[in-house]
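K.L.:
The following block contains the structure, expressed as structure tokens.
Read-outs: derived from the displayed coordinates by stated rules, not from any lab. Being a predicted model, the structure only gives us computed values, none of them experimental. Reconstructed Cβ throughout: ideal geometry from the backbone, glycine too, with neighbour counts over all protein chains shown.
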Amino acid sequence: MTSDEVRDGVTLTNLDQPLFDDAGATKRDLVDYLDAVRDRVIPVLRERPLSVVRVRQGQAPFMQKNVPSYAPGFVRTVTLWAESSQRRVSYALCDDRRTLLWFANQRAVEYHPALVHAGDWDRPTHLVLDIDPPSAEAFPQAVAAARLVGRALADAGLSGAVKTSGAKGLHVFVPLEAHTTEDVAAATRALGVRAERLDPALATTAFIREDRGDRVFIDSTRSGGATVVAAYSPRVRPGVPVSFPVAWDDLDRITPGDFTVHTAAGLLRDGDPWAALMPEPQRLPRDLIEEGHTIPVARVQAMHEGKRRARARRAPS
DNA sequence: GAAAAAG
DNA sequence: CTTTTTCAACGCCGC
DNA sequence: GCGGCG
Ligand SMILES: [Mn+2]
Ligand SMILES: [Mn+2]
């Protein structure tokens, strides 16, 4: 009647507790799901500095980058200098089952790997366009916006794979040959703007929420030091949905809630659709990169406006 | 979940 | 010694 | 060192 267990040498505790408020799942459901898909999720985490989102019932979720000093020795880490906090941060590299199980026992629900491999700091492996609809109800619009991205890619001679984020929207991934972070970020901006231009009433690249209206945000900022939730990762949301690969042709027939910690392993059977749907690594066209370098970084512009607004508030006209 | 601080 | 509290993020970059 | 956002 104990809810504890040892698996692959890792002690798992409180397995019958609710995972978090409104999860509709226990900690055991998380552990069993991750263990069932380990041979598909570990390949997307391997050798990548990892951030996780942990959550405990009755508490707010929090993101964890630095691996706590109490972590067991089998958890591999890589140490990076964090400019903003002026300190060293030890990121985990989740490349084996024990590490994955240890994180699961830590109530790490979401897995956000970097877009680079450790040691290859200026060679992102993927270009990512993040499709964020204004609400969960607008998922069909997110699908339409993803198709705009698909057209922009095709027009540039590129192709990508798509997955649900597990939350409201979608992620489009394009595997890359060797390019610098700077060039990939530029190409991402250019693709975002090109997709937006295909249907400006549906999609926007506006970084300020208020400026988006009811349009779908095509987020080109998932590059550089940013992370993106991994394929197959659960999310801290009611029902514990998971980020799940979908064929372009199937997008109209699915909804993010179809894939949860309860259903996803069964749908996958022995398959690895993320690996299967991913095209070969691609070289970015010169003109796409150059176009991107003329587009300002969305966040920075937005920050200036925010600063201006704050100043105006303090000293009204 | 674990360590540090408080009782 | 037991109970309660605390902690667990980053980058983007111009002003 | 702040601002908005993910
Ligand atoms: Mn998103
Ligand atoms: Mn986003």
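K.L.:
To the nearest 20 Debye, how big is the dipole of chain A about its Cα centre, given +1 on the beta carbon of each Lys and Arg and -1 on that of each Asp and Glu?
P.N.:
Values: 41 positive and 41 negative charges, 251 e Å.
For chain A, the charge dipole is close to 1200 debye.
K.L.:
Short version: ³J(HN,Hα) in whole Hz for each residue of the range A:15-26, in order, from phi by Karplus 6.51 cos²θ - 1.76 cosθ + 1.60 (θ = phi - 60°), x for Gly and Pro, what are they?
P.N.:
Using θ = phi - 60°, the values come out as 5, 9, 6, x, 5, 6, 4, 6, 5, x, 7, 9 Hz.
K.L.:
Next up: With r defined as the distance between the Cβ atoms of A:SER135 and A:ARG253 and R0 fixed at 25 Å, what FRET efficiency is calculated, to the nearest 0.05?
P.N.:
Working: r = 20 Å, r/R0 = 0.82.
Between A:SER135 and A:ARG253 the formula returns 0.75.
K.L.:
Note the direction-averaged projected area, equal to a quarter of the hull surface, for the Cα convex hull of the range A:84-213, in nm².
P.N.:
Values: hull surface 41.4 nm².
Mean shadow area of the hull around the Cα atoms is 10.4 nm².
K.L.:
Given the options A:VAL174, A:VAL78, A:VAL149, which has the most mean-square fluctuation in a GNM of chain A, springs set between C-alpha atoms less than 10 angstrom apart?
P.N.:
Taking springs between Cα atoms under 10 Å, the residue moving most is A:VAL78.
K.L.:
Principal axis extents for the range A:100-143, Cα atoms only, whole Å, descending order, please.
P.N.:
38, 32, 12
K.L.:
Run lengths n ≥ 4 of DSSP H only: what is the helix-derived mean residue ellipticity at 222 nm for chain A, with -39500 (n - 2.57) per run over all residues, to the nearest 500?
P.N.:
Working: 10 runs with 101 residues, N = 317.
It comes out at -9500 deg cm²/dmol, rounded to the nearest 500.
K.L.:
Any idea how many Lys pairs in chain A come in under 25 angstrom at the alpha carbon, given 8 or more places apart or on separate chains? Mind showing how you got there, number by number?
P.N.:
Working: A:LYS27/A:LYS65; A:LYS27/A:LYS163; A:LYS27/A:LYS168; A:LYS65/A:LYS163; A:LYS65/A:LYS168.
For chain A, qualifying lysine pairs total 5.
K.L.:
Rounded to the nearest 0.05, what FRET efficiency do A:SER159 and A:VAL297 give with R0 = 22 Å and r taken as the Cβ-Cβ distance? Could you check?
P.N.:
On the way: r = 26 Å, r/R0 = 1.17.
FRET efficiency, A:SER159 to A:VAL297: 0.30.
K.L.:
With labels modelled as points extended 7 Å from the Cα through the Cβ direction, what inter-label distance (nm, one decimal) is found for A:GLU5 paired with A:HIS304?
P.N.:
5.6
K.L.:
So how strong a dipole does the range A:171-317 carry about its Cα centre when Lys and Arg Cβ are +1 and Asp and Glu Cβ are -1, to the nearest 20 debye? Before the final figure, lay out each step's value.
P.N.:
Values: 20 positive and 20 negative charges, 234 e Å.
It works out to roughly 1120 debye.
K.L.:
If each residue of separation counts as 0.36 nm, what is the full-extension length gain between A:MET63 and A:ASP22 once their alpha-carbon separation is subtracted?
P.N.:
On the way: separation 41, 0.36 × 41 = 14.76 nm, distance 1.90 nm.
Full extension of this stretch gives 12.9 nm more.
K.L.:
Sticking to Cα atoms, compute the Rg of the range A:1-144 to one decimal and its Dmax as the biggest Cα-Cα distance, whole number, in Å.
P.N.:
16.8, 51
K.L.:
Connecting C-alpha atoms closer than 10 Å in a GNM of chain A, tell me which of A:GLY192, A:GLY292, A:GLY24 has the biggest fluctuation.
P.N.:
Between A:GLY192, A:GLY292, A:GLY24, it is A:GLY24 that shows the largest mean-square fluctuation.
K.L.:
Name the helices (complete DSSP H segments) of chain A with a Cα length along the long axis of 15 Å or more and a Kyte-Doolittle mean of at least -0.5, or state none.
P.N.:
Working: long enough: A:139-155 (24 Å, 0.68); A:181-198 (26 Å, -0.04); A:298-314 (25 Å, -1.66).
Helices passing the filter in chain A: A:139-155, A:181-198.
K.L.:
Follow-up question, since we're still on this one. Kindly put A:ILE208, A:ILE42 in sequence by how many other C-beta atoms sit within 10 Å of each C-beta, fewest to most.
P.N.:
Details: A:ILE208 13, A:ILE42 18.
Least to most surrounded, the residues fall as A:ILE208, A:ILE42.
K.L.:
Quick one: which residues, 5+ away or cross-chain, put their amide H under 5 Å from the amide H of A:ALA203? H built at 1.01 Å from N.
P.N.:
A:VAL216
K.L.:
Kirkwood hydrodynamic radius (Cα pairs, Å) of chain A?
P.N.:
Values: mean 1/r = 0.0486 Å⁻¹.
20.6 Å is the Kirkwood radius here.
K.L.:
Follow-up. Select from A:ALA60, A:ALA156, A:ALA187 the residue whose mean-square fluctuation is largest in a Gaussian network model of chain A (Cα-Cα springs shorter than 10 Å).
P.N.:
Sorting by GNM fluctuation, first place goes to A:ALA60.
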